[in-house]
Amino acid sequence: MRAQVAIIGGGPSGLLLAQLLMAQGIDAVVLECQTKEHVLSRIRAGVLEQGLVEIMRNLGVADRLDTEGMIHNGTVLSYDNDQVRLDFTEHAGKPVIVYGQTEVTRDLYDLREQTSGQTFFECEEVHPQDLKSDAPFVTFRQYGKDFRLECDYVAGCDGFHGVSRQCIPENVRTEYEKIYPFGWLGVLSETPPAHHELIYSNSARGFALCSQRNSNLSRYYIQCDLTDSVDQWSDEAFWDELKRRIPEEVADTMVTGPSVEKSIAPLRSFVCEPMQWGRMFLCGDAAHIVPPTGAKGLNSAAADVHYLSEGLINHYNNNDSRGLEGYSQKALERMWKTERFSWWMTNLLHRFPDQSTFDQKMQRAELEFLAENQLAVAVLAQNYVGLPY
Ligand code: RFL
Ligand code: PHB
């Protein structure tokens, strides 16, 4: 079996890349270790930058996104009994779109099937090989049968726990990591959103976030201990705790209901350098992780895919390999700025176990500065809506 590009991972990075290449006549095969149903059952990101929306439009797969996606011109930061509303459109010239990652992935799988793109699900023992040679290949097993996929290039789009990054020898790879001393407990519920915009809340009891998916589907998060388990949190305990952490008038009017999904995610900042090894390129969570506070994980995966697809298209269609050669450096330059923003938002809004009263005063001073300084708001807004590609 042969393809020009072997893509490991059928999450948003892998699917976006596959479809961008396919649209330019470059053939890519996707290898996914899970079932499609499993990939589509993961509840993850909800906030899309314009860059990702444009990619979806260019692929001709944004009809549902354009009708069902909600335009958010701003967001609210709340702290103690105070609030500041940040206007993205005023300060950064564009809004963000609220549309679930699950829906993005569903739309991309639909397109992949319409365009007869080849995807192997439930692949086991996926091994990229000979990545430093001119003839790399990937071996894998599906339903007891062994396969060998020969290719020109391998794209490692297999997330944080994938195999691709591990193929870069340890003496070449540098990993930068910060683990935060808390997690996010998330709940999805079929209830109307508590507020028309997202509310990020710094409270004495810890961080909380009111987000949404549509007019009858809400997504909420509260900061929790790393040792907590989902079973410990009944729906009632979750709603009680959330209400204590958000503005009183929102808590008093919000509609609660049974959770349809509940999960805990640890918070981590992580970057792997370089993002290329021989003929393999890493994209998205395979190369970097951000804490979700800045809503940047999926969006930075899309930025990587943009750079890599451009590099591959120029290589194949214009005989120009400069984009491929410069991919790692270009993607990393943008990514470190995104890491900084996500780390800063996380530090601004969470309670840390070793935080002193001085540290808390610093958070409050920073939030008050945002409430009165338009330049500070502009810096946050420009980062939140997404840095240019
Ligand atoms: P994914 O989505 O992890 O997909 C990788 C795919 O690779 C498969 N795989 C393999 N396939 C073959 N062989 C192997 N050996 C394999 N190993 C793994 C996996 O099954 C999977 O299908 O990575 P990708 O495509 O890079 O996409 C990244 C995003 O999923 C991630 O960054 C975001 O979800 C992060 N994120 C958010 N990002 C945003 O931009 N905005 C948000 O609002 C936002 N909120 C969030 C988030 C992530 C969260 N969690 C749970 C970590 C909220 C949360 C709670
Ligand atoms: C979400 O809706 O899942 C979401 C929104 C904003 C974030 C993180 C997650 O910063």
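Of note:
- Sequence-separation-based contact order of region 1-78, relative, with Cα cut under 8 Å and 6+ spacing, percent: 25 percent
- Calculated mean residue ellipticity, 222 nm, the chain: -11500 deg cm²/dmol, from DSSP H runs (n ≥ 4) at -39500 (n - 2.57) each, averaged per residue and rounded to 500.
- Net charge contributed by nearby residues that have their C-beta within less than 14 Å of Arg351 (K/R +1, D/E -1): 0
- Taking a sphere under 13 Å around the Cβ of Glu103 and counting the other residues whose Cβ falls inside, with K and R at +1 and D and E at -1, yields a net charge of +1.
- Kirkwood hydrodynamic radius over Cα pairs of the chain, then Stokes diffusion coefficient at 20 °C and 1.002 mPa s, in µm²/s: 99 µm²/s
- 3J(HN,Hα) from dihedral phi, region 54-66, Karplus parametrisation 6.51/-1.76/1.60, rounded to Hz, x for glycine, proline: 5, 4, 4, 5, 4, 7, x, 10, 10, 4, 5, 4, 6
- Under 28 Å, Cα to Cα: Lys pairs in the chain, sequence gap 8 or more or different chains: 21
- Near Arg44, the amide H atoms lying under 5 Å from its own belong to Gln101, Thr102; only residues 5 or more places off or on other chains count, and H is placed 1.01 Å from N.
- Integer Hz, Karplus 6.51/-1.76/1.60 couplings in order for region 38-48, x for Gly and Pro: 5, 4, 7, 9, 7, 8, 9, 4, x, 10, 10
- Under the criterion of Cα pairs below 8 Å and six or more residues apart, the relative contact order for the chain equals 21 percent.
- Computed from the Kirkwood radius of its Cα pairs, the Stokes-Einstein diffusion coefficient for region 99-181 at 25 °C and 0.890 mPa s stands at 158 µm²/s.
- When the convex hull of its Cα atoms is viewed from all sides, region 301-384 shows a mean projected area of 7.3 nm².
- Of the residues Thr338, Thr227, Phe238, the one whose Cα sits farthest towards the positive end of the charge dipole of the chain is Thr338 (charges of +1 on Lys and Arg Cβ, -1 on Asp and Glu Cβ, taken about the Cα centre).
- Computed FRET value (nearest 0.05) for Asp359 with Arg268, which takes r as the C-beta separation and R₀ as 30 Å: 0.90
- Sorted peptide list for 156-164, 337-345, criterion being average Cβ within 10 angstrom, highest first: 156-164, 337-345
- Among Asn373, Val5, Gln360 - extreme Cα towards positive end, dipole of the chain, charges at beta-carbon: Val5
- Helix 235-245 and the long axis of the chain differ in direction by around 70°, with both axes built from C-alpha atoms.
- Taking the inverse of the mean 1/r over every pair of distinct Cα atoms in region 234-389 gives a Kirkwood hydrodynamic radius of 18.6 Å.
- Fraction of C-alpha pairs exceeding 22 angstrom in region 1-147: 51 percent, rounded to a whole number.
- From phi via Karplus (6.51, -1.76, 1.60), per-residue ³J(HN,Hα) for region 18-33 in Hz, x at Gly/Pro: 4, 6, 5, 5, 4, 5, 10, x, 9, 8, 10, 10, 9, 10, 10, 7
- Cα centroid separation - region 324-389 against region 12-35, whole Å: 32 Å
- In terms of packing, defined here as the mean over residues of other Cβ atoms within 10 angstrom, the peptides 19-29, 173-183, 320-330 line up highest first as 19-29, 320-330, 173-183.
- For the chain, the antiparallel share of DSSP beta bridges with both residues in that region comes to about 75%.
- Cβ crowding within 10 Å, taken as a proxy for footprinting-reagent exposure, orders Phe358, Phe270 from fewest neighbours to most as Phe358, Phe270.
- Net charge, Glu175 excluded, C-beta distance under 9 Å - Lys, Arg +1, Asp, Glu -1: 0
- Relative contact order of region 73-184, defined on C-alpha pairs under 8 angstrom at six or more residues apart (%): 12 percent
- The angle between the Cα long axis of helix 297-318 and the longest principal axis of the Cα atoms of the chain comes to about 30 degrees, rounded to the nearest 10.
- Given charges at beta-carbon only (K, R positive; D, E negative), |dipole| of region 207-277 in Debye: 280 debye
- The order of the peptides 52-62, 76-86 by mean Cβ neighbours within 10 Å, most packed first, is 52-62, 76-86.
Bear in mind that the values in this text are calculations on the coordinates, not laboratory data. Treat the numbers as computed from the prediction; the structure is a model and nothing was measured. Methodologically, a virtual Cβ is constructed for each residue, glycine included, from the backbone with ideal geometry; neighbour enumeration extends over all protein chains shown.
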